[in-house]
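Some notes on the structure that comes next.
Just so it is clear, none of the values below were taken in a lab; they were calculated from the coordinates. Since the model is a prediction, treat every value here as computed from it, not as a measurement. In this analysis, Cβ positions are derived from the backbone assuming ideal geometry, glycine residues included, and neighbour counts consider all displayed protein chains.
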Amino acid sequence: MIHFGQLALDGSPRIAVPFRDGNDPASIARALELGMDIAELRIDQFANRNTAHVLRKIEKFQGVPILATVRSATEGGAWPDSDTARLELYRAILPQVDAVDVEWSSSSIATHVVSAARALAKPVVLSFHDFTSTPGLKTLNLMAPLAREAGADIVKIAAMCNSQDDVRTLTHFTLDH
């Protein structure tokens with residue numbers, strides 16, 4: 001079973017809420033009151049991405065399972081710097097978070113993020129994003145085992161649904177995997 005900190009991902013639905021660095025303690029407390037299970041820190045969207053600043057912001061979420069995401073601009077994120085700098089930030093924050101999300105397409109750093117997470121026994125979400133369409137079920141079914149071979153504990157598919165059939169495809173894929 002996969003754990004994000006003390007939270008067991010046991011098949012029950014879980015609510016992850018994204019946060020940037022401008023959120024105050026009251027907004028975190030309110031999200032917890034409303035049922036948040038996981039705080040997803042969208043570090044790529046922080047106004048200040050300096051490592052010391054990021055680590056200070058992580059401290060505000062103590063006791064809450066933290067998923068850290070530093071999404072590349074090519075996958076819909078806001079990371080403006082090099083992949084080398086992004087990898088350095090992932091390595092710096094990994095000891096302080098419960099899991100990381102990195103896009104599978106970032107092959108130049110994904111394997112390094114997976115290795116660093118494994119060394120600290122932290123789960124890895126490998127993400128795939130398609131902002132225009134939903135891949136077919138056959139394609140998705142081929143992707144899942146490849147992502148797991150690449151080190152994914154969780155395979156995340158984010159796709160644009162243009163029809164009810166697309167929703168059915170993603171639902172079928174989710175139920176199968």
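A few remarks follow.
- Helix axis angle, 137-149 relative to the chain longest principal axis, alpha carbon, degrees: 40
- Share, in percent, of DSSP beta bridges within region 1-93 that are antiparallel, nearest 5: 25
- Kirkwood-Stokes translational diffusion coefficient of the chain, alpha-carbon pairs, 25 °C, 0.890 mPa s, µm²/s: 146
- Percent of beta bridges antiparallel (DSSP, region 1-159, rounded to nearest 5): 10
- Most mobile listed residue (Ser127, Ser108, Ser163) in the chain, GNM with C-alpha springs under 10 Å: Ser163
- Taking a quarter of the surface of the Cα convex hull of region 96-135 gives a mean projected area of 3.4 nm².
- Listed by chain and number, the aspartates and glutamates whose alpha-carbon sits under 20 Å from that of Lys156, ignoring those within fewer than 8 places in the same chain, are Asp10, Asp37, Glu40, Asp44, Glu75, Asp98, Asp101, Glu103, Asp130, Asp165, Asp166, Asp176.
- Enclosed volume per residue, in Å³, of the convex hull spanned by Cα atoms of region 75-165: 101
- Computed from label points 7 Å out along Cα-Cβ, the spacing between Asp176 and Thr111 is 2.8 nm.
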